[in-house]
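Here the structure is laid out as structure tokens; the discussion comes afterwards.
The values are calculated or read from the model by the stated rules, or taken from the named source; none is laboratory data. Treat the numbers as computed from the prediction; the structure is a model and nothing was measured. Glycine also receives a Cβ, built like all others from the backbone with ideal geometry; neighbour counts cover every protein chain displayed.
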Amino acid sequence: MIDNLNRLFGNENVILSNSTMKSDDYFWFTIDSYQTPVGIKKEVITNDQLNLLYALFPNAVLFEHKHGAHQQWYNYLILKNAKNPFTEEKIPIPQSIRFIQFNIKQKTIDYAAFEETITAFFNNEVAIIWCKANQGFILEKIQTESYDNKYINYVQETLAADLFYDITFFIGKLHHPQSNLQQFFSFEQNCFQYALRNKKHKNILLLTNEILPYFLSLLPQEMTEILPDLILSEFNLDDPILETVKFFLQNNQNITATAKQSYLHRNTVQYRVDKFTERTGIDLKDFQSSYIAFLAIYLLEKVTVPNN
């Protein structure tokens, strides 16, 4: 790999460096087969060549802009060889912080335009850290209130319209700045990667919606299969009673809302809910019992339709 880069760009323009202080005159990468970051002089590499490197090595990590605060956050959250900057540095501490992860489907990315757009939307109270050539996260520093999901959706739609990016945002939880952000980020990142592999054309993903599927994916296969068998042995997936019960639970056990969503009469919804209780012995008015019923239906869908 290094020999090929040397032939393409010249020995004097390709360097290896373990130093945490990296020259801004180079594009810096880490590539799976090398522990030491690789630097290529900016003045000798074209945008096409840069994008080709990203296409050839999708897991390469871009080190450009990794200086100062960006480098500290990268070291802490990605390399895990540093401490939380909010506990180490004398810097203003916001009320809370949030990780908004993103994935861009396109291989050719105008990084400067992307970062400029994001910074403008968030009034500069963000740090943008790249984890891969097409993935990274926005560290949102929140002083009063965080931007709501509708606003993030507006940002996504603007990026799609103006920069033609098919981008997915994953909105994390609010955290205290001096908490164990490394552990929390790692969990949210794993949750995001699982959601990306299983998403159905969604461009806005919420941690609160994706935790359950991620948790259940960690269950042994035997456990995934036994709960539906144990709880729902009386039903098949296409049984209309199950569909109605699922809507009923999703609508916080509201008969009227369930009837509206499923285009059924309220009496029909009530009849099916009662039938479910009669056949399973599960009282859907009890929170713990209803939660187990929801998990069983969810897992039955996964077992019956693996890609669901």
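Counting the residues of the range 269-290 that are in contact (Cβ under 8 Å) with a residue 24 or more places away in the chain, assigned to a helix (DSSP H, G or I) and not small (Gly, Ala, Ser) gives 7. Of everything in the range 202-250, what is closer than 30 Å to ILE104 by Cα and assigned to a helix (DSSP H, G or I)? Give them in sequence order. Once the filter is applied, which keeps residues that are closer than 30 Å to ILE104 by Cα and assigned to a helix (DSSP H, G or I), the range 202-250 yields LEU207, THR208, ASN209, GLU210, ILE211, LEU212, PRO213, TYR214, PHE215, LEU216, SER217. With a requirement of 1 or more residues that are among the basic types (Lys, Arg) and at pLDDT 95 or above, the strands (runs of 3 or more DSSP E) lying completely within the range 120-192 that satisfy it span 167-175. When the residues of the range 97-121 are filtered to those that are polar (S, T, N, Q) and crowded, with 19+ Cβ neighbours inside 10 Å, which remaining residue is farthest from ASN203 (Cα to Cα)? So, considering only residues that are polar (S, T, N, Q) and crowded, with 19+ Cβ neighbours inside 10 Å, the one farthest from ASN203 (Cα to Cα) is GLN101.
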